[in-house]
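Quick notes on the structure that follows.
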Amino acid sequence: MCIAVPSKVIKIEGKVAETELGGVIRKVSIEMVPEVKVGDYVMVHAGLAISIVDKEEAEMQMELWEELMEVLNDAADRND
Amino acid sequence: MMQQTEMIEKTKRAIETLNPGGPFNIMEVCGSHTMAISKFGLRQLLPKNIRLISGPGCPVCVTAQNEIDSVIELANKNVVIATFGDLIRVPGNRSSLQAERAAGKEVKVFYSPLDALKYAEENPKKEVVFIGIGFETTVPTVAVTIKEAKEKNIKNYSVYCLHKTMPEALRALLEGGSNVQGFLLPGHVSAITGSKIYEFLPKEFGVGGVISGFEAMDILMSIIMLLKNYKKPVIEIQYKRVVRKEGNLEAQKIIEEIFEPCDSTWRGLGEIKGSGLKIRDKYKDFDAALKFDIKPIGEEIEIKGCRCGDVLKGNIYPNECPLFGKVCTSENPVGPCMVSSEGSCAAFYKYGA
């Protein structure tokens with residue numbers, strides 16, 4: 001039930017933003033993310049944006065993952 | 001970027017390298033994690049001693065039987081019941097919202113409580129009651145409607161508040177002796193609360209946790225983080241693209257403004273101190289419990305033969321329940337863990353063990 005989907009903010013009018021997900025435009029409340037800007041991605045749960053997606057973190061995560069795999073698999077090779 | 005199959009192979013090897021050897025139970029406490037784990041078949045990637053078990057992470061499933069009964073009672077008070085879709089099939093002792101709707105009562109499904117408020121505003125002659133079910137993720141949305149109803153003086157909207165909060169349930173599980181070595185912590189609950197609320201897990205119980213995202217790679221990464229820290233358990237965030245350490249302060253502020261903690265009864269876990277929320281006095285005009293004099297009453301009666309309670313505590317896998325797949329199926333569910341689309345029994349039934 002705690003599902004939240006990332007949607008792109010395309011227009012802001014006061015406490016409400018128009019967001020786009022897969023071509024569908026939806027109005028969501030941005031009361032909980034007042035610092036949001038047009039172009040940001042927000043996580044939307046039941047009509048309310050609960051978090052702004054951090055693009056840098058998203059990219060860094062992939063790098064971190066590959067790095068970690070590298071280290072762990074080197075360790076595995078040494079154990080073989 | 002690595003190819004998918006190569007990635008999975010590498011992940012498997014990484015997990016084997018970190019395998020502590022002894023039994024290592026990882027409990028997820030979010031229905032979306034339950035579904036993702038089954039859907040992606042993640043259990044098959046793990047060595048036998050590392051088990052993924054489900055906890056009380058599905059809000060509909062943990063709603064107590066007598067709470068469901070009180071919702072049914074409310075439906076008979078000449079009101080419009082506004083609810084999330086998941087709740088309407090859940091059977092109470094005598095009926096369900098679906099059966100009440102078939103019998104002519106007004107039960108409306110809304111995607112958002114904000115839509116329910118709008119409906120109330122457009123239909124001033126109808127009493128609209130939103131059924132507030134869900135964890136910290138959902139609470140701010142409901143809080144926004146109560147605040148807005150007060151500001152706009154919408155008098156025909158109220159909330160029947162059955163919300164529950166996560167940390168005290170985790171404490172109750174561990175105090176009850178649940179055999180858990182690490183928690184996969186809920187991503188969107190934590191987007192609201194931040195990570196601090198879980199610090200008692202390593203401090204008081206020596207159990208670590210990782211706040212995880214919902215993609216297969218997120219969950220695998222979180223499992224690796226848990227295994228890496230098993231000697232020195234800590235709380236970490238894997239889902240950093242969405243979850244900040246301090247959580248969403250605006251959302252915390254509005255929760256605090258509208259609600260205060262209260263005791264709450266969970267299916268399978270019983271009454272847990274401070275694990276529920278009730279509407280503060282200042283907003284009592286919007287509290288359906290007071291407005292319609294409704295509360296959960298009577299003993300908590302379990303459905304005969306149904307072991308949802310044990311499933312919710314991670315004591316058994318769904319397919320260890322005698323009803324599973326025989327009398328209790330997705331088409332004809334008996335217990336809430338099969339009724340809810342994100343219940344552990346529904347996940348096992350749909351995707352296999």
Selection from the range B:87-126 of residues that are touching a strand residue (DSSP E or B) at 6+ places or on another chain (Cβ under 8 Å), more than 16 Å from B:THR145 (Cβ to Cβ) and basic (Lys, Arg): B:ARG101, B:LYS105
Selection count, the range B:150-168, where residues are away from chain A (no Cβ under 14 Å) and either part of a helix (DSSP H, G or I) or over 22 Å from B:VAL60 (Cβ atoms) (or both): 8
Checklist (1) more than 12 Å from chain A (Cβ to nearest Cβ); (2) in contact with a Ser or Thr (Cβ under 7 Å, 6 or more places away or on another chain) applied to B:ILE146, failing item: (2)
Residue in the range A:59-80 that is closer than 26 Å to B:LYS147 by Cα, among the β-branched types (Val, Ile, Thr) and within 10 Å of chain B (Cβ to nearest Cβ) present: no
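Filter the range B:249-275 down to the residues that are out of contact with any Phe, Trp or Tyr (no Cβ under 9 Å at 6 or more places or on another chain) and within 18 Å of B:CYS58 (Cα to Cα) and list them by number.
Going through the range B:249-275, the residues out of contact with any Phe, Trp or Tyr (no Cβ under 9 Å at 6 or more places or on another chain) turn out to be B:249-256, B:260-271, B:273-274.
Once the filter is applied, which keeps residues that are out of contact with any Phe, Trp or Tyr (no Cβ under 9 Å at 6 or more places or on another chain) and within 18 Å of B:CYS58 (Cα to Cα), the range B:249-275 yields B:SER264, B:THR265, B:TRP266, B:ARG267, B:GLY268, B:LEU269, B:GLY270, B:GLU271.
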One residue from A:VAL9, A:VAL38, A:VAL71, A:VAL28 being surrounded by fewer than 13 Cβ atoms within 10 Å (Cβ to Cβ) and either at pLDDT 90 or above or not in a helix (DSSP H, G or I) (or both): A:VAL38
Selection count, the range B:58-80, where residues are out of contact with any strand residue (DSSP E or B) (no Cβ under 6 Å at 6 or more places or on another chain) and outside any helix (DSSP H, G or I): 5
B:ILE211 being in contact (Cβ under 8 Å) with a residue 12 or more places away in the chain, surrounded by fewer than 21 Cβ atoms within 10 Å (Cβ to Cβ) and under 20 Å from the mean Cα position of the chain (by Cα): no
Test for B:GLU67: is it within 14 Å of chain A (Cβ to nearest Cβ), among the charged types (D, E, K, R), under 30 Å from B:GLY209 (Cβ atoms) and buried (at least 21 other Cβ atoms within 10 Å of the Cβ): no
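Considering each of B:THR137, B:THR83 in turn, give the residue that is touching a strand residue (DSSP E or B) at 6+ places or on another chain (Cβ under 9 Å) and facing chain A (nearest Cβ under 10 Å). If you could, list the steps in order and put the result at the bottom.
Details: B:THR83 fails: facing chain A (nearest Cβ under 10 Å).
After ruling out the rest, the residue left standing is B:THR137.
Restricting attention to the range B:307-334, and to residues there that are under 17 Å from B:TYR351 (Cβ atoms) and of a type in the set (Asp, Glu), which single residue is surrounded by the fewest Cβ atoms within 10 Å (Cβ to Cβ)? Lay out the reasoning, then the answer.
Filtering the range B:307-334 down to residues under 17 Å from B:TYR351 (Cβ atoms) leaves B:311, B:317-321, B:324-325, B:328-331, B:333.
Still in the running and of a type in the set (Asp, Glu): B:320, B:331.
Details: B:GLU320: 13, B:GLU331: 7.
Here the residue is B:GLU331.
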The one condition in (1) surrounded by fewer than 16 Cβ atoms within 10 Å (Cβ to Cβ); (2) touching a Pro at 6+ places or on another chain (Cβ under 8 Å); (3) of a type in the set (A, V, I, L, M) that B:LEU277 fails to fulfil: (1)
Given (1) within 14 Å of chain A (Cβ to nearest Cβ); (2) modelled with pLDDT under 90; (3) under 23 Å from B:ALA169 (Cβ atoms), number of the condition B:GLY92 does not satisfy: (1)
Among the candidates B:VAL128, B:VAL159, residue that is surrounded by 24 or more Cβ atoms within 10 Å (Cβ to Cβ), more than 25 Å from A:SER51 (Cα to Cα) and not polar (S, T, N, Q): B:VAL128
Condition check for B:GLU6: away from chain A (no Cβ under 14 Å) and of a type in the set (Asp, Glu): no
Residue among B:ILE219, B:ILE224, B:ILE197, B:ILE211 that alone is within 10 Å of chain A (Cβ to nearest Cβ) and of a type outside the set (S, T, N, Q): B:ILE224
Subset of the range A:23-58 that is within 7 Å of chain B (Cβ to nearest Cβ) and of a type in the set (D, E, K, R) - its residue that is farthest from B:ALA116 (Cα to Cα): A:GLU57
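Quick one: is B:TYR111 in a helix (DSSP H, G or I), on the phi < 0 side of the Ramachandran plot and either of a type in the set (Phe, Trp, Tyr) or within 14 Å of chain A (Cβ to nearest Cβ) (or both)?
no
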Index of the failed condition, B:LEU173 passing every other in (1) hydrophobic (A, V, I, L, M, F, W, C); (2) within 30 Å of B:ILE297 (Cβ to Cβ); (3) touching a Ser or Thr at 6+ places or on another chain (Cβ under 7 Å): (3)
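Under the condition of being assigned to a loop (DSSP other than H, G, I, E, B) and touching a residue at least 24 places away in the same chain (Cβ under 8 Å), which residue from the range B:235-245 is surrounded by the most Cβ atoms within 10 Å (Cβ to Cβ)? Spell out the reasoning first.
Initially, the range B:235-245 is screened for residues assigned to a loop (DSSP other than H, G, I, E, B), giving B:238-245.
With the extra rule that they be touching a residue at least 24 places away in the same chain (Cβ under 8 Å), the set shrinks to B:238-239, B:241-245.
Values: B:GLN238: 26, B:TYR239: 24, B:ARG241: 23, B:VAL242: 25, B:VAL243: 29, B:ARG244: 17, B:LYS245: 12.
Filtering first and then ranking leaves B:VAL243.
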Selection from the range B:24-46 of residues that are among the hydroxyl-bearing types (Ser, Thr, Tyr) and either within 14 Å of chain A (Cβ to nearest Cβ) or under 19 Å from B:GLY208 (Cβ atoms) (or both): B:SER32, B:THR34
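The values are calculated or read from the model by the stated rules, or taken from the named source; none is laboratory data. No experiment lies behind these values; they were computed from the predicted model shown. Here Cβ is always computed from backbone atoms with ideal geometry, including for glycine, and neighbour counts include all displayed protein chains.
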